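Participant: This structure is in structure tokens; I'll ask about it shortly.
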Amino acid sequence: MDTQALAGIMFLVLTVLLMAGFPVAFTLLGTSLVFGLLGFGWDFFNLLPLRVWGVMTNFTLLAVPLFVFMGVALERSGLAAELLETMSLLFGRLRGGLAISVIIVGAILGASTGIVGATVVTMGLLSLPTMLRKGYHPELATGTIAASGTLGQIIPPSIVLVLLGDIVGVPVGDLFIAAIVPGMLLVLLYIIYILIISRLKPEWAPVITKEEWAEVCGSCLVKRIFKALVPPLFLIILVLGSIFAGIASPTEAAAVGATGSLLLTIINRRFNMELLQQVMATTTILTCMVFIILVGAGAFGLVFRGLGGDHLIRGYIEHIPYGKWGVLAIVMAIIFIVGFFLDFIEITFIHIPVLAPIMLSLGFDPVWFSILFAVNLQTSFMTPPFGFSLFYLKGVAPPEIDTMEIYKGIIPFVILQLLGLLAVIFFPQMTTWLPKVVFGP
């Protein structure tokens, strides 16, 4: 059989198995071993260890467990709860203010942790009961929380950006800086939508009463804001500031962030050995999940490209009308549609290695299209049936919140994410301007 045809069958088999619900890591590795043996014979087992060794010795990927550790430590320390409660009081007299505070806190937690699951669960546990008690419409409340959690995908330090930088072959620091403006754009779009819907449907987003406001205004509120905002902002400055100033690489900055998160738990008197054991255990589990999938994806990429699968896909793409912009539209549509069925790790490790070389060959800026991938991947967390933010939120939501209310709530925010994606496509300066300012042309 022609090797390119074998590569096509391999990709089809992988897709069918994943849709059938088989575990991602074992599906990747099993498919790779079978088709590697068919395509290369027993020599394949001389190539595979070299690929696995290359993954496991990659210094850049060391940032993944360190950022995970930082995020879990912050989530377990209770700093996120204090931040959300204080911000909700600050914006309480503005219609929709509680929802706006959820978006802002989600952005700050995204910049502090980069872990979507931790942010969504934390925000769901802390803010959803409060929003419902204050009279917020369930669709607005659930949509806001799910959207705020996904900001950790694009706002640095993001684990997705670390993985994309390694796969595409661009410095992670460049991606971190390039993602700031698109991330802030999404925050702004969310806030504008909340303000508009709150004006059009005031019953969806009531303000806090004058009595509640009278209890918190004054110097005590200033102290609470200072106490809640300074720790996460301090951590953000430690991590991103060390990268932007050229003091540390992203991997070294991740170590600074992990250490800083522990220092904050100690300063806030939340540290104990039980908390440390929980943080380390959770970090180990999440890191093992990411890396076993990464090893499987590396094996899959080795076989797929070795069989000429990249040439097969390039041959199809070359016949797409409207040149490279037609290709870009198809690629973005593929990532969006696949996001309905696969999570971001699977898409990053399976599809990006195949699509990124094609985008490079067409002359697209690698930093720009990496940010496009990252913005697009956000939607995979909120699109049913397999949007993980929806699962996380449903798991911590009160019993009276049904799944359809969550699905309806995320629709406007998915549309806003797509608008943000279009803005980055039509105005690439949003991603290229800041890295040039920081690092020079």
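Participant: Want the number for Met273 to Leu233: 0.36 nm per residue separation, take away the alpha-carbon distance, what's left? Let's see the in-between values first.
Facilitator: Details: separation 40, 0.36 × 40 = 14.40 nm, distance 2.55 nm.
Residue separation times 0.36 nm, minus the Cα-Cα distance, leaves 11.9 nm.
Participant: Could you list Met273, Met10 so that the one with the fewest beta carbons within 10 Å of its beta carbon is first and the one with the most is last? Please report the intermediate quantities before stating the final value.
Facilitator: Details: Met273 7, Met10 22.
Ordered by Cβ neighbours within 10 Å, fewest first: Met273, Met10.
Participant: Same structure, new question: First check a/c for the range 135-206, with a ≥ b ≥ c the square roots of the eigenvalues of its C-alpha gyration tensor; if it is under 1.5, answer rounded, and if not, answer prolate when a/b is larger than b/c or oblate otherwise.
Facilitator: Numbers: a/c = 5.25, a/b = 2.79, b/c = 1.88.
Prolate, since a/c reaches 1.5 and a/b exceeds b/c.
Participant: Under 21 Å Cα to Cα from Lys394, which lysines show up? Leave out anything in the same chain fewer than 8 places away.
Facilitator: Counting by Cα, and skipping residues close in sequence, Lys394 has these lysines nearby: Lys134, Lys408.
Participant: With 10 angstrom as the radius, rank Met280, Met332, Met123 by how many other C-beta atoms surround their C-beta, starting from the fewest. Write out the running numbers ahead of the final one.
Facilitator: Details: Met280 13, Met332 20, Met123 27.
The fewest-first ordering by Cβ neighbours comes to Met280, Met332, Met123.
Participant: Follow-up. Quick one: Thr383, Thr251, fewest Cβ neighbours within 10 Å first, how do they rank?
Facilitator: On the way: Thr383 22, Thr251 19.
Taking fewest neighbouring Cβ atoms as first place, the list is Thr251, Thr383.
Participant: Could you pull out the chymotrypsin sites (Phe, Trp or Tyr not before Pro) across the range 321-366 that fall in loop regions by DSSP (anything but H, G, I, E, B) with no more than 11 other Cβ atoms inside 10 Å? Please report the intermediate quantities before stating the final value.
Facilitator: Working: sites: Tyr322, Trp325, Phe336, Phe340, Phe341, Phe344, Phe349, Phe364; in loops: Tyr322, Phe340, Phe341, Phe364.
Within the range 321-366, the qualifying chymotrypsin sites (Phe, Trp or Tyr not before Pro) (loop, at most 11 other Cβ atoms within 10 Å) are Tyr322.
Participant: Name the residues whose placed amide hydrogens come within less than 5 Å of the amide hydrogen of Ser249, ignoring near sequence neighbours (fewer than 5 apart) on the same chain.
Facilitator: Amide H to amide H, under 5 Å and 5 or more residues apart or across chains, Ser249 pairs with nothing.
Participant: When the Karplus curve 6.51 cos²θ - 1.76 cosθ + 1.60 is applied with θ = phi - 60°, which whole-Hz ³J(HN,Hα) does each residue of the range 264-272 get, with x for Gly and Pro?
Facilitator: Whole-Hz 3J(HN,Hα) from phi for the range 264-272: 5, 5, 5, 4, 7, 6, 10, 7, 7.
Participant: How high is the FRET efficiency between Val437 and Leu188 when r is their beta carbon distance and R₀ equals 25 Å, given to the nearest 0.05? Present the calculation step by step, with values, prior to reporting the outcome.
Facilitator: Details: r = 20 Å, r/R0 = 0.80.
Once the sixth-power term is evaluated, E becomes 0.80.
Participant: Could I ask something else about it? Which of the lysines could a cross-linker bridge to Lys436, judged by Cα under 29 Å and excluding same-chain residues fewer than eight apart?
Facilitator: Leaving aside lysines fewer than 8 places away in the same chain, those within reach of Lys436 are Lys324.
Participant: Here's another thing I want to ask about it. In whole Hz, what ³J(HN,Hα) sequence does the range 359-375 give by Karplus (6.51, -1.76, 1.60; θ = phi - 60°), x for Gly and Pro?
Facilitator: In residue order, the calculated couplings are 5, 5, 5, 7, x, 6, 5, x, 5, 4, 6, 5, 5, 4, 4, 5, 5 Hz.
No value in this document is a laboratory result; all are computed from the given coordinates. For clarity, every value in this text was computed on a predicted model and none was experimentally measured. Cβ: placed from backbone, ideal geometry, glycine included. Neighbour counts: every protein chain shown.
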